[in-house]
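This report concerns only the one structure given below.
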Amino acid sequence: MKKKGKQLFQKAVAMMMALLTATSIFPTSTAMAATEKATITFEYAYDSNGNAIHYQQTVTHDGITCGHAGETRVRIYADGDDAYCIQPGISLHTGDKLDKNASETWNALSKNQQKAINLALLYGAQGNRKNLSGGTDEKVLATQLIVWELVTECRNSTAPYNRTSAKFYNSHCVNGANSGVAKTYKEIVEFMQEHDTIPSFASSKKDSTAQELKWDGEQYVLKAKDENGILSKFDFISSNSNVKVSASGNTLTITSKTAITEEVLLSATKKIPTVSSSAKLIAYGDPSLQDVVTGVENTDAVKAYLNVKIPYGHVEI
């Protein structure tokens, strides 16, 4: 009897272990269906003088009222992080929960729209807050206006990102209202529109035609003037240590005290806002609620190049 009881006990233990192993390998359907959710909260928005910011005009899109004249503006947060609406006029309330990476609206946008929205966030309150004027709420609302414009195609999603309808802007800033929002809005737009601009004398390709340095009696010199007025955002470096580069205002001066027999490449990367390499733009959504985006990502670097040379026959011996 003892031996038989021992065998039964061993079989029972074996069956339990097999069940535990199977459970660990194959998660339950509940665990597989679990998603990360963000809880939505709101705060009223105020200008730099502490006054509540209001809609100035009622604004609609696709037959949906997005804001009523006189309505107080709010900021949206997803788990405490700044969030930006990508479905103007769709309901969202405090305590609502949205699923991470589950926005049908975001997924339906074109790649150009998605890239342009990220660029607006990068130059806006998310990535460039310290370089914008106005109070924090004004910066966030100005960024939100541009996001709305891009989502609704009231602004083109390719450079130079021209506005096709001013209805969202006017809903806040018509007749000079909410001047802090208006000023920040214009700053963000200008940053976006000059994003791809490089100095007029430079090229976006390394193999551009070389420009010539001339002997001035003391050294070889080339003064390149930037007609685009963007030179201050570029620091050019030379591939040859004998060729020196300096900038003053909109003029880049290239000099060499010695003759160079080969072309020299000058290169620069534009100074643009950057965030952590791990930072992500995340879209939260729910089929019955307003979808939002949080965060921001770095964009591709903007590079400029200039090849220089000393023409044959101009070399001083």
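Only sites in a loop by DSSP and with at most 16 other Cβ atoms within 10 Å count here; which GluC sites (Glu not before Pro) in region 183-247 make the cut? Those that pass, being in a loop and sparsely packed, are Glu218, Glu227.
Checking [x] -0.47, -0.58, -0.97; [y] -0.63, -0.71, -0.94; [z] -0.42, -0.53, -0.93 against log10 I(q)/I(0) by the Debye sum over Cα atoms at q = 0.09, 0.10, 0.13 Å⁻¹ calculated from these atoms, the matching label is [y]. Compute the angle between helix 179-193 and the longest alpha-carbon principal axis of the chain, please, reported from 0 to 90 degrees and rounded to the nearest 10. So the inclination is approximately 70 degrees. For region 25-156, lysine pairs with C-alpha atoms less than 26 angstrom apart, excluding pairs fewer than eight positions apart on the same chain, total 13.
Note that region 129-212 presents 43 Å² accessible area per residue, ligands and nucleic acids not counted, probe 1.4 Å. With +1 on the Cβ of every Lys and Arg and -1 on the Cβ of every Asp and Glu, and nothing else charged, how large is the dipole of the chain about its Cα centre, in debye rounded to the nearest 20? Computed about the Cα centre, the dipole is about 1560 debye. Restriction of the trypsin sites (Lys or Arg not before Pro) in region 187-227 to DSSP coil positions whose beta-carbon has at most 12 other beta-carbons within 10 angstrom yields Lys205, Lys206. Distance from the C-alpha centroid of region 93-107 to that of region 166-241: 37 Å, rounded to the whole angstrom.
Near Lys115, within a Cβ-to-Cβ distance under 15 Å, what is the net charge of the other residues, with Lys and Arg +1 and Asp and Glu -1? Summing Lys and Arg as +1 and Asp and Glu as -1 gives -2. Extension gain for Ala279 to Ile90 (0.36 nm times residue separation, less C-alpha to C-alpha distance): 65.3 nm. Counting Lys and Arg as +1 and Asp and Glu as -1 over every other residue whose Cβ lies under 12 Å from the Cβ of Gln87, the net charge comes to -4. Ordering Gly229, Tyr161, Leu122 by Cα displacement along the dipole of the chain toward the positive end leaves Leu122 in first place; charges were set at the Cβ atoms of Lys, Arg (+1) and Asp, Glu (-1).
For Thr251, neighbours were defined as the other residues whose beta-carbon sits under 10 Å from its Cβ, and their charges (Lys and Arg +1, Asp and Glu -1) total +1. Looking only at region 125-144, which residues have a backbone nitrogen under 14 Å from a spot 7 Å from the Cα of Asn49 in the C-beta direction? Only 135 fall inside the zone, counting backbone N under 14 Å. A crude spin-label estimate for the pair Ser110 and Glu36, with each label 7 Å from Cα along the Cβ direction, gives 3.0 nm. Over region 81-189, Cα pairs under 8 Å with separation of 6+ residues give a relative contact order of 28 percent.
How high is the FRET efficiency between Ala301 and Glu218 when r is their beta carbon distance and R₀ equals 35 Å, given to the nearest 0.05?
For Ala301 and Glu218, the calculated efficiency is 0.45.
Full extension of the segment from Lys100 to Gln193, taken as 0.36 nm per residue of separation minus the current Cα-Cα distance, would add 30.4 nm. You can think of it this way: the chain between Thr65 and Glu262 has 64.5 nm of extra reach, that is 0.36 nm per residue less the Cα-Cα gap.
Ranked from the most accessible area to the least, with a 1.4 Å probe and all protein chains present, what is the order of Arg75, Arg163, Arg129? Intermediate results must be reported in sequence, preceding the final value.
Working: Arg75 20, Arg163 100, Arg129 70 Å².
So the residues, ranked largest to smallest area, are Arg163, Arg129, Arg75.
Once the Cα atoms are used to define both axes, helix 2-25 deviates from the longest principal axis of the chain by about 40 degrees.
Computed from the C-beta positions of Ala166 and Ala210, the FRET efficiency with R₀ = 51 Å rounds to 0.65.
The values are calculated or read from the model by the stated rules, or taken from the named source; none is laboratory data. Please read these numbers as outputs of a predicted model, since none were measured by experiment. So basically every Cβ, Gly included, is an ideal-geometry build from the backbone, and we count neighbours across all protein chains shown. Surface accessibility is based on the protein's heavy atoms, side chains included, excluding ligands, DNA and RNA. Shrake-Rupley method; radii C 1.70, N 1.55, O 1.52, S 1.80 Å.
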